[in-house]
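Trainee: Please find one structure pasted underneath; my questions will follow.
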Amino acid sequence: MPLRSRAIQPPTLSVIIAAYNIADFIGGCLDSLVVEPRGDHEIIVVDDGSTDATPDILADRSTRHPQIRLIQRENGGAGAARNTGISAASGQYLTFIDGDDWVEPGYIDTCLAEISASPGTELWVFDYIDITSSGRYRQSCAADFWSCRNAPWNKIYRRDLIGEDRFDEDILYEDLAAVRPWVARAKQKRRVNRALYNYRNLREGSTMSSIDTTRFFDLFTAADRCMQRIESSLGAHEARAALGNDWRKRFYTSDVFIPGLVDWPRKIEVAGLRRRYAAEFTTHLNENTDGISKRLLARDFGFKIALAALCYEHSALATGDFLLHRMGRMKRRLMTRLSSNRRSV
């Protein structure tokens, strides 16, 4: 009588990693995962057309560690790479990692323990460590729409929460357009009180004196798609009930104004380019949104940013730029000079 082959059980958890030209980091990322020998997970690494040594490192790691499955594709961006990983994943639960980051010891075990303890939960949100040039900082994230962060990587998703949705592949802010709607429609959410993820946030000092800033305006497209998806899945009434009557204005305030006029311009060293960008961005903001709330800005981000928003609204670009960017740079230069003088005494 022939022996029956035992059916292979799909893994509980699929870890999806997007990798593109990160030869200096991808080995460490994978090494932080494979120290845990549990068999009920898989690691899917999507090489998004890398042209450096990344493919060689991935081939080596996938040969040595059978839980790593390597997929290679033509370059299409982070969203396209994650979509490839979602389609290939076998797990009932998904989590994402960027290949230049790494996870804390116990990451897999913690994810699986949370799933086992509460399999009906649709979304888990955990804290992360922000790695900057000045140090390591734990960032606390709540399991709610406003405090979870847009990034896909500090969360565990039950697969049916994502369903047939995918990341947009034609815009820069694909995380905002996809992740926040998933959070909004999750009925069962839990916070994991651990910092499981290390986010390599070392780009704040980069200089963008000649960069094409037109891609920054993808932020408006991403925000519009995000809100459309939320209202399509929840309905306008339920969206207001869940997120607040003024949620659209609050959303534009925190997720369009702050990144578009506070965060990104910090990377533009040339003052004239920074002001031209701010003028164009403010025009888009006034023409294409429901507006922003100075009250919410003052409450959540401080009076200085609220005052700068008022300056931008009334075309006082130089004053707004001074408040948000030049004042901070002048303060840092002064502190550096004072510190240097103390050392020389």
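Trainee: Let me check I've understood the local charge: for Ala88, count other residues with C-beta under 14 angstrom from its C-beta, Lys and Arg +1, Asp and Glu -1. What total comes out?
Mentor: On the way: positive: Arg69, Arg73, Arg82, Arg159, Arg166; negative: Glu42, Asp47, Asp48.
Every neighbour counted, the sum reads +2.
Trainee: Measuring with a 1.4 Å probe in the full set of protein chains, what accessible area per residue, in whole Å², belongs to segment 64-186?
Mentor: Accessible surface, normalised per residue, equals 37 Å².
Trainee: Relative contact order, percent, of segment 265-313 when contacts are C-alpha pairs under 8 Å separated by at least 6 residues?
Mentor: 31
Trainee: If you look for lysine pairs in the chain that are eight or more places apart or on different chains, how many of them have Cα atoms under 29 Å apart?
Mentor: Summing the qualifying lysine pairs gives 15.
Trainee: I've got another one for you. Answer with one residue from Ala186, Leu94, Leu297: the one whose Cα lies farthest towards the positive end of the charge dipole of the chain, charges on Cβ with Lys, Arg +1 and Asp, Glu -1.
Mentor: Leu297
Trainee: Any idea what the relative contact order of the chain is, in percent, if you count C-alpha pairs under 8 Å spaced at least 6 apart?
Mentor: On the way: 534 pairs, mean separation 46.2, N = 345.
Once divided by the residue count of the chain, the mean separation gives 13 percent.
Trainee: For the chain, which longest stretch is free of loop sites, where a loop site is one of the GluC sites (Glu not before Pro) that DSSP puts outside H, G, I, E and B and that has at most 12 other Cβ atoms within 10 Å?
Mentor: Working: sites that count: Glu74, Glu164, Glu204.
Free of exposed loop sites, the longest segment is 205-345.
Trainee: With a 1.4 Å probe and every protein chain kept in, tell me what percent of the accessible surface of segment 70-109 is carbon plus sulfur. Could you put the intermediate results ahead of the total?
Mentor: Numbers: 570 of 1400 Å².
The value for segment 70-109 is 41 percent carbon and sulfur by accessible area.
Trainee: Okay, next question. Here are some values of semi-axes √(5λ) of the Cα gyration tensor in Å: [x] 42, 22, 18; [y] 38, 26, 19; [z] 28, 24, 21. Which one was computed from this structure?
Mentor: [y]
Trainee: Can you find, among Ile22, His41, Thr54, the residue sitting farthest towards the positive end of the charge dipole of segment 13-77, where Lys and Arg contribute +1 and Asp and Glu -1 at Cβ?
Mentor: Among Ile22, His41, Thr54, the one farthest towards the positive end of the dipole of segment 13-77 is His41.
Trainee: Please give me, ordered by residue number, the trypsin sites (Lys or Arg not before Pro) of segment 33-103 that lie in loop per DSSP and have at most 15 other Cβ atoms within 10 Å. Can you show the working numbers first?
Mentor: Working: sites: Arg38, Arg61, Arg64, Arg69, Arg73, Arg82; in loops: Arg38.
For trypsin sites (Lys or Arg not before Pro) across segment 33-103 that sit outside H, G, I, E and B with at most 15 neighbouring Cβ atoms in 10 Å, the list reads Arg38.
Trainee: Summarise the accessible area of segment 145-206 (1.4 Å probe, protein heavy atoms) by the percent that is carbon and sulfur.
Mentor: 40
The values are calculated or read from the model by the stated rules, or taken from the named source; none is laboratory data. Please read these numbers as outputs of a predicted model, since none were measured by experiment. For neighbour counting, all protein chains shown are included, and Cβ atoms are generated from backbone atoms with ideal geometry for every residue, glycine included. We work out accessible area using only protein heavy atoms, side chains counted, and drop any ligands, DNA or RNA first. Shrake-Rupley method; radii C 1.70, N 1.55, O 1.52, S 1.80 Å.
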